[in-house]
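For reference, the structure discussed in these notes is given below.
The values are calculated or read from the model by the stated rules, or taken from the named source; none is laboratory data. Owing to the predicted nature of the structure, the values given are computational and were not obtained by experimental measurement. Here the Cβ positions follow ideal geometry from the backbone for every residue, glycine too, while neighbour counts run over all protein chains shown. Side chains are part of the model used for accessible areas, which takes the heavy atoms of the whole protein and leaves out ligands, DNA and RNA. Shrake-Rupley method; radii C 1.70, N 1.55, O 1.52, S 1.80 Å.
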Amino acid sequence: GERHVAGEPGREYEIRLRNRSSTRILAVTSVDGVNVITGRTASLLGSGYVLDPRATVAIDGWRKSMDEVAAFYFTALPDSYAARTGRPDNVGVVGVALFRERAPVMPMEAERRASAEAAAPAAGASSDSARAEKRLGTGHGRWLDSGATYTSFERESDEPDKVIRIYYDSRKN
């Protein structure tokens with residue numbers, strides 16, 4: 001039930017996302033436990049890419065600005081962006097958390113929801129180093145042109161509708 005990809009050191013790669021739904025979705029994407037947009041440690045509440053209905057996006061690197069990214073490439077774990085920034089724990093994993101967009105609320109519906117929420121009770125808070133040297137990670141590569149724009153998006157829920165994990169390493173490993 002897991003997805004695995006064999007990588008080759010030095011080879012660049014991209015992450016392709018496709019929205020098959022008829023509504024916009026937010027894809028909070030991380031590589032090696034690092035958010036691909038912000039460079040911060042990955043979090044479900046982090047920034048992501050908004051995909052229009054039936055749209056596809058290719059994420060080809062770590063976002064450096066609204067116009068450029070640093071290419072993803074397979075590299076030895078110690079050279080990975082995550083390891084070089086002190087966060088090697090999730091190296092070898094591409095993660096995507098997908099969120100649906102909250103539907104616009106009509107004025108009468110907003111009043112009904114507010115009164116229902118006021119009446120509802122509050123919810124409670126709920127290897128060794130030799131092996132590591134041989135594992136693959138993702139490097140912080142050459143800069144590429146890759147335009148993006150800001151948009152607004154309100155999540156339907158703080159919990160993702162779906163989480164996708166793709167594990168990668170060398171074919172040998």
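List, please: which pairs have Cβ atoms under 6 Å, are six or more places apart or on different chains, and start with a residue in the range 55-66 that is farther than 13 Å from GLU12 by Cα and end with one that is among the β-branched types (Val, Ile, Thr) and open to solvent by less than 50 Å² (accessible area, probe 1.4 Å)?
Within 6 Å, the pairs are ARG63/ILE37; ARG63/VAL69.
Check PRO160 against each of (1) exposed (fewer than 14 other Cβ atoms within 10 Å of the Cβ); (2) modelled with pLDDT of 85 or more; (3) part of a loop (DSSP other than H, G, I, E, B) and name the one condition it does not meet.
(1)
Are there any pairs, at least 6 apart or on different chains, whose C-beta atoms fall under 8 Å, with the first in the range 125-150 and among the acidic types (Asp, Glu) and the second modelled with pLDDT of 80 or more, and if so, which?
Qualifying pairs under 8 Å: GLU133/ALA76; GLU133/LEU77; GLU133/PRO78; ASP145/ASP67; ASP145/GLU68.
Determine whether SER65 is hydroxyl-bearing (Ser, Thr, Tyr) and either farther than 22 Å from LEU144 by Cβ or not in a strand (DSSP E or B) (or both). Show your work before the answer.
Values: hydroxyl-bearing (Ser, Thr, Tyr): yes; either farther than 22 Å from LEU144 by Cβ or not in a strand (DSSP E or B) (or both): yes.
When the stated conditions are applied, SER65 passes them.
If you go through the range 131-157, how many residues are closer than 25 Å to LEU51 by Cα, outside any loop (DSSP other than H, G, I, E, B) and among the charged types (D, E, K, R)?
Counting residues in the range 131-157 that are closer than 25 Å to LEU51 by Cα, outside any loop (DSSP other than H, G, I, E, B) and among the charged types (D, E, K, R) gives 2.
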